[in-house]
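Notes for the one structure printed next.
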Amino acid sequence: MSSIGWIGTGVMGRPMGGHLINAGHHLTVFNRTKSKAKELIDAGAQWASSPREAARDQDFVCTILSYPQDVREVVLGREGISDTIKAGSIFIDFTTSKPGLAGEIAKALQEKGVSCLDAPVSGGDVGARNATLSIMVGGDEKAFNAAKPILEKLGKTIILQGGPGAGQHTKMCNQIQVAGTMIGMAEALIYGTKAGLDLETMLRSISGGAANCWILDNLAPRALRGDIEPGFLVDHFVKDMSVALEEAQRMQISLPGLALVHQLYVSVQALGGGRKGTQALYLALQRMAGMD
């Protein structure tokens, strides 16, 4: 079994790390808030006092953090893991981050004899808990093959997309698609309400046709119950859409649908919903429709 430095024990990182412990791997964990790592520590993980300590002498070092600046600081900062990660190990970043940063990290760590994979995930808290995530990987094929036994404990769809940064670009495609689907779900619920439909009955019908998708199956029922607790935070989704729009501008392409949904989610933040789940878009649109 491998020794793994695991940095980040939030909504996604906690269950993902748990799967690796259950598979027999030895985890050394770090999180800025130690209490959020308690579940993994109780399951047998060793606590590290810093990211540098978590990375020391590990076969794999994995991060799943909130923002690209967090990844940069943890990997390349003055107290970053680049000083303690050992040659021959593999660094895997599960954070949804910037493609350019993934390339920068790969280049920096390659000089230390470390292979890198950018491996953002999709599937939300449900996928993390059930180990059914889709994992989009960029990096060296040899490193990908070496890491696959680890990745297979976390997800069901695991595909190498290309070199460094390709995993992050693929995740941007995922988030562009999700953005369109989220507004479709919320507007369908608004329309159904105004039309006097029983929304649960309506959802059973449209989920059996061409509209069927993960969001209708998992997030629409939460929205109907008024459950807006996070499987995936609004703040993080706004960050992802901002990265995609930044990349689109760099590539000189227009994504008007994404730009619209981005602005609607910024309005959710303005209403105090930044730390809520992405299904909170429904509540913002309810307010716009005078239904709150």
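Of the residues LYS156, LYS239, only one is at pLDDT 95 or above and not assigned by TED's automatic domain parsing to the domain that holds LEU264; which?
LYS156
How about segment 1-110: which strands (runs of 3 or more DSSP E) wholly inside it have at least 2 residues that are more than 21 Å from LEU160 (Cα to Cα)?
Details: elements: 3-7, 26-30, 60-63, 90-93.
Passing ranges, in order: 3-7, 26-30.
When the criteria are applied in full, LEU76 meets the requirement of being under 30 Å from MET251 (Cα atoms), over 16 Å from the mean Cα position of the chain (by Cα) and not assigned by TED's automatic domain parsing to the domain that holds GLN175.
If you filter segment 227-260 down to residues that are of a type in the set (Val, Ile, Thr) and under 16 Å from the mean Cα position of the chain (by Cα), you find that the one that is surrounded by the fewest Cβ atoms within 10 Å (Cβ to Cβ) is VAL238. Here GLY8 does not fit the description of being farther than 29 Å from CYS173 by Cα and surrounded by 19 or more Cβ atoms within 10 Å (Cβ to Cβ).
From the list LEU285, LEU219, the one residue that fits, being more than 23 Å from THR170 (Cα to Cα), in contact (Cβ under 8 Å) with a residue 40 or more places away in the chain and assigned to a helix (DSSP H, G or I), is LEU285.
Scanning segment 19-41 turns up no residue that is in contact (Cβ under 8 Å) with a residue 12 or more places away in the chain, among the hydroxyl-bearing types (Ser, Thr, Tyr) and surrounded by fewer than 15 Cβ atoms within 10 Å (Cβ to Cβ). Of everything in segment 42-59 that is surrounded by fewer than 23 Cβ atoms within 10 Å (Cβ to Cβ) and touching a Gly at 6+ places or on another chain (Cβ under 8 Å), the residue that is farthest from GLU104 (Cα to Cα) is ALA43. Here VAL75 meets each of (1) of a type in the set (A, V, I, L, M); (2) over 20 Å from LEU27 (Cβ atoms); (3) out of contact with any strand residue (DSSP E or B) (no Cβ under 6 Å at 6 or more places or on another chain) with one exception, condition (2). One residue stands out in segment 261-283 among those that are on the phi < 0 side of the Ramachandran plot and exposed (fewer than 13 other Cβ atoms within 10 Å of the Cβ): the one that is nearest to the chain's Cα centre (by Cα), namely GLN263.
Condition check: among the β-branched types (Val, Ile, Thr), assigned to a helix (DSSP H, G or I) and over 23 Å from ASP125 (Cα atoms). Does THR193 satisfy that? Yes, satisfied. If the condition is being within 16 Å of SER97 (Cα to Cα), buried (at least 19 other Cβ atoms within 10 Å of the Cβ) and either under 15 Å from the mean Cα position of the chain (by Cα) or small (Gly, Ala, Ser) (or both), then segment 154-168 contributes GLY165, ALA166, GLY167, GLN168.
Does GLY127 satisfy the condition of being of a type outside the set (Ser, Thr, Tyr), in the same structural domain as HIS25 (by TED's automatic domain parsing), crowded, with 24+ Cβ neighbours inside 10 Å and assigned to a helix (DSSP H, G or I)? In short, yes.
Quick check on segment 135-142. Is at least one of its residues assigned to a helix (DSSP H, G or I), at pLDDT 95 or above and within 28 Å of ALA211 (Cα to Cα)? No - not one qualifying residue is present in segment 135-142.
The values are calculated or read from the model by the stated rules, or taken from the named source; none is laboratory data. None of the values given here were measured: they were computed from a predicted structure. All Cβ positions, glycine included, derive from the backbone under ideal geometry; neighbour counts span all protein chains shown.
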